[in-house]
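Right, one structure below, let's go through it.
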Amino acid sequence: MNKYFMFLILVSAALLGGCWDRYELEERAIILALAIDLADESKAAEMPEVTHGKGEFPEQENQRIYKLTAQLAVPGKVMLGPGGGDTNSGDTDWLLVTYGYTMKDALSNLQQELAEKIHLGHIQLIVMSDQIAKNSIEDIMDFLRRDYEIRRTAWVMITEGEAHQILNATPPIQTVPSLYLANTLKEAVKFGKLPKEYLGKVWIDFSDIGVDAIIPLVQPMGDHIRVEGLAYFKEHKMVGKLSPTETGAVLAMQGQNPAGYSNVVQSEDKSGIYMVKPYRRSSDISVKMVDGKPKVFIRVNIEGFIEEEPKSKNLSGEKLEELEKTINKMGKESLEKLIKKLQKDQSDILGIGARVRAYYPKYWNEQIKDDEGWYEVYKDLDIQVSMDYRILRVGMEWK
Amino acid sequence: MKHTDSISSIQVAGIIASTIIGVPLMVLPRFIVAEVGEAAILASVVGLILSSISLIAITELGKKYKEYTIIGCNRLLLGKYIGNLLNVLIIVSMMIVMGLEVRQFAEVLASGLLPNTPIEFSIIIMIFLCTLAGFRNVSTFAYIHFFYLPFLLIPMVFLLFSIKDLETYHLLPVFGHELSLFQFMKGAFLMMAAITNYFVVAMLIPYIKDHENCVKNGIWGLFLGGLAILFCIVMTLGVFGVQELELLYWPVLSLSRIIQIPGEVLSRIDAIILITWIFAVFTTLFSHYFVAVRGTAEIFRTDKFNLISTIMVPFIYVIALIPDNIYEIYDYGINTAFFVLIIYIALPIGLLIIGRIRKRVRVQ
């Protein structure tokens, strides 16, 4: 009897339990990308009464209305791998626009227009316009952090101008725009064009004391996008942007490999120009206390090779040594200039403050205490840069 | 009592390791860090070392009274009434601990994996699972733990893939920022409270074959499990840093969400970590239940384990449903953990001292 009873329990456990949370692929509205823009106040009248009645949204300082553009995947239409040539992006994805006072408000409005339940688990990227970023992205981040479906490995980008235009970019060879976009960033990181700043990393940088975040900056180019460098932040506000060259400099100071950007060098006697590409970098950011004040030493070691020499065919051992000297001087100057710029905008993207806090806790707790105190010190901080650039190879040409 | 089944001291070590890797694993880094900041690693090491006091006391007690479980020891050394009072206290606190832990488990499931599954269902299934695992045979109990141990330890290797995101400045300074000794010890006690849950060893004493190696192997088991937890703390702290950790509810789960396996064999591994953790929860709860069920059986001098474990189900279920929200769960959880810690440590030490005094009295 007992045996049969146990058997019954086991069988019913197997059959009756299972998939409480099952909801099938075709029952989900899979959002692949979100673009967030600012909308003007007049849109408030158009909003449906979903999370609040007309005009009943609590008034707050810095009230904003978001224009949310969501890219939905149409199940069954997305081609995985190389597929037929006749599907273009219009068939595989679907752009929807809603408005809301907050992220959830806008998504709730979106849900009213969709039969299926919104699923954010496959979100690939979140694009924000620089207008929002310059204001503050703290409240957007709160929603994203709280939602358990969103992957920390999703990408976040900032664009100058209208964010929703990014979602229209689909080169003819790709089927789903957001997959193309996420892939662009992923490959850019792989080739050293951008630092590895996905959503989870950005959140950590926002939280850390003495570290400011950087977010990739992109530009819509019609059917494709261009990586424009980085937007850098002070707390939750974007304060400036870095060009690709400067991005390369930031990556060099972080010691990230591989290097993605080549640099032009002119020889001392102005006889020729050379394209030099770093291929191995290491760096060391150290903090020392000198006379009760922190002093920062950034040491960058780069090994590079010559990619191009369009004007003069005069490479030799001596010439390389001379070039190394020039490039060291040039590199040092540009790094110093970049650091000055960051100090002026009070954005500590290299995490110098975090290092001071880690290695000199006593000094930090007595003199600096928090982010505000750090920015005061940071803007006039003595930062010494030294660079050791060595050119090892010249490619397949002897001269 | 004559026992047909017996376990070796290495099995005891396995039981200890798989018991201490349990429910708190998910949330522990956050709580320690919220208390002591960057000093979390040092505080956890201190907590780990302090935790071994309880283990040494229990195993020493086992060496002295080879034929008795902790329940028997209480009766033997403290007399029938005081002894049984303490025994009831042990069993009730075990049930409370189990109830709260099963609730924490269900809460993680509800907000991290299965939002539509009622948490009542996750709770009852877990309790039933423990009930059905059976308590008649001690060696089966040991085998279950031993079987699951690799499943708990091996997936932790995945966490290593996040090592490239680890920042040194998140781990320093080792002594934290402006930390008083009191705060530091509070952090250490949190770690201690979280891993000193291998009280089940005290219920296994009569079945252990080689008491001589028990202390040594037990410490090995404790350090194996303790290091696994310490590893999680180091990784989460190193990757997230103090400020981010304080915002996260389940740091280990969040950590598993940012890990990308090279070559993209698996696009996300949080499911693997969650499953591992479910095994860990099961083995831990099973140990607590074992103490409660076998303890009750010994008080009533019966071996109707199945009956007792079935009767206990609704009680644990009700305890699990008491807290109102997620903040309350952890409030109750931490408070009971501290209370139970007193039992875990003071009881075996107290019994050792009383045993010595009584012996001396008897000799005179």
Cα-Cα P(r), region B:273-343, percent of pairs per 5 Å interval: 3, 13, 15, 22, 23, 15, 6, 2, 0
Footprinting exposure proxy for A:Leu125, A:Leu96 (fewest neighbouring C-beta atoms within 10 Å first): A:Leu96, A:Leu125
Sequence-distant lysines (8 or more away, or on other chains) whose Cα lies within less than 25 Å of A:Lys3: B:Lys304
Spatial separation of Cα centroids for region A:261-286 and region B:288-329, in angstrom: 70
Kyte-Doolittle at least -1.0, axis length at least 18 Å by Cα - qualifying DSSP helices, chain A: A:2-16, A:177-190
Among B:Thr296, B:Thr131, B:Thr168, residue whose mean-square fluctuation peaks in a GNM of chain B (springs only between Cα atoms under 10 Å): B:Thr168
Residues A:Leu96 and B:Arg301, FRET efficiency given R0 of 51 Å [Cβ-Cβ distance, rounded to 0.05]: 0.15
Chain B: angle of helix B:138-153 to the longest principal axis, Cα-based, in degrees nearest 10: 10
19 Å reach of a label modelled at A:Lys340, 7 Å along Cα-to-Cβ, counting backbone N of region A:370-389: A:378-387
Whole-number D in µm²/s for region B:263-310 (Stokes-Einstein; Kirkwood sum over Cα pairs; 25 °C, 0.890 mPa s): 187
Virtual paramagnetic centre 7 Å along Cα→Cβ of A:Lys369, amide N under 19 Å, in region B:162-204: B:177-180
FRET efficiency for B:Leu166 and A:Val11, using Cβ-Cβ distance with R0 set to 56 Å, rounded to 0.05: 0.75
Normalised contact order of region A:256-393, rounded percent, pairs of Cα under 8 Å and 6 or more residues apart: 31
Qualifying aspartates and glutamates (Cα of each under 20 Å from Cα of A:Lys270; at least 8 residues distant if same chain): A:Glu307, A:Glu308, A:Glu309, A:Glu318, A:Glu321, A:Glu322, A:Glu324, A:Glu333
Region A:96-216: C-alpha gyration tensor shape, a/c 1.5 cut-off, then a/b vs b/c: oblate
Proportion of all alpha-carbon pairs of the protein assembly as shown beyond 44 Å (%): 39
Low-density loop positions, trypsin sites (Lys or Arg not before Pro), region B:284-364 - DSSP coil, at most 15 other Cβ in 10 Å: B:Arg301, B:Lys304
Relative exposure of A:Lys134, A:Lys325, judged by other C-beta atoms within 10 Å (fewest first): A:Lys325, A:Lys134
Among B:Gly37, B:Gly79, B:Gly225, residue whose mean-square fluctuation peaks in a GNM of chain B (springs only between Cα atoms under 10 Å): B:Gly79
Other-chain or far-sequence residues with amide H under 5 Å of A:Glu308's (modelled H): A:Met275
Convex hull per residue volume in Å³, alpha carbons only, for region A:256-393: 119
For chain A, calculated [θ]222 nm from helices alone, where every DSSP H run of n ≥ 4 adds -39500 (n - 2.57): -9500 deg cm²/dmol
Under Karplus coefficients 6.51, -1.76 and 1.60, residue-wise ³J(HN,Hα) of region B:309-320 in Hz, glycine/proline x: 5, 5, 5, 6, 3, x, 5, 5, 4, 5, 4, 4
Computed over chain A: relative contact order in percent, which uses C-alpha pairs under 8 Å that are six or more apart: 13
Dipole magnitude of region A:288-365 about its Cα centre (Cβ charges: Lys, Arg +1; Asp, Glu -1), debye to nearest 20: 640
Charge dipole (the protein assembly as shown, unit charges on Cβ, about Cα centre) - positive-most of A:Ser42, B:Leu129, B:Trp220: B:Trp220
A:Asn314/A:Lys379 FRET efficiency (R0 45 Å; Cβ-Cβ; nearest 0.05): 0.50
Residues with amide H under 5 Å from that of B:Ile7, placed H, sequence gap 5 or more: B:Ile208, B:Lys209
Alpha-carbon centroids, region A:347-399 and region A:189-210: separation in whole Å: 17
Simple Cβ-charge dipole of the protein assembly as shown, Lys/Arg +1 and Asp/Glu -1, about Cα centre, in debye nearest 20: 3820
Candidates per chymotrypsin sites (Phe, Trp or Tyr not before Pro) in region A:321-399, loop by DSSP, up to 13 other Cβ within 10 Å: A:Trp398
Potential extension, A:Glu149-A:Glu268 segment - 0.36 nm per residue separation minus Cα distance: 37.2 nm
Cut-off under 5 Å, modelled amide H: who pairs with A:Ile349 long-range: A:Asp212
For region B:42-106 versus region A:113-182, the gap between their alpha-carbon centres in whole angstrom: 52
Among B:Ile20, B:Ile319, B:Ile353, residue whose mean-square fluctuation peaks in a GNM of chain B (springs only between Cα atoms under 10 Å): B:Ile353
Distance between modelled label sites at A:His236 and A:Asp130, nm, 7 Å Cα→Cβ extension: 2.2
Region B:25-122: trypsin sites (Lys or Arg not before Pro) in DSSP loop, at most 13 other beta carbons within 10 Å: B:Lys66
Mean separation of Cα contacts under 8 Å (6+ apart) over length of chain B, as relative contact order %: 41
Hypothetical label at A:Arg390: residues of region A:291-334 whose amide nitrogen lies under 17 Å (7 Å Cα-Cβ projection): A:299-306, A:317-329
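Only the coordinates and a few stated rules stand behind these numbers; no lab work does. No experiment lies behind these values; they were computed from the predicted model shown. Virtual Cβ from ideal backbone geometry, glycine too; neighbours counted across all protein chains shown.
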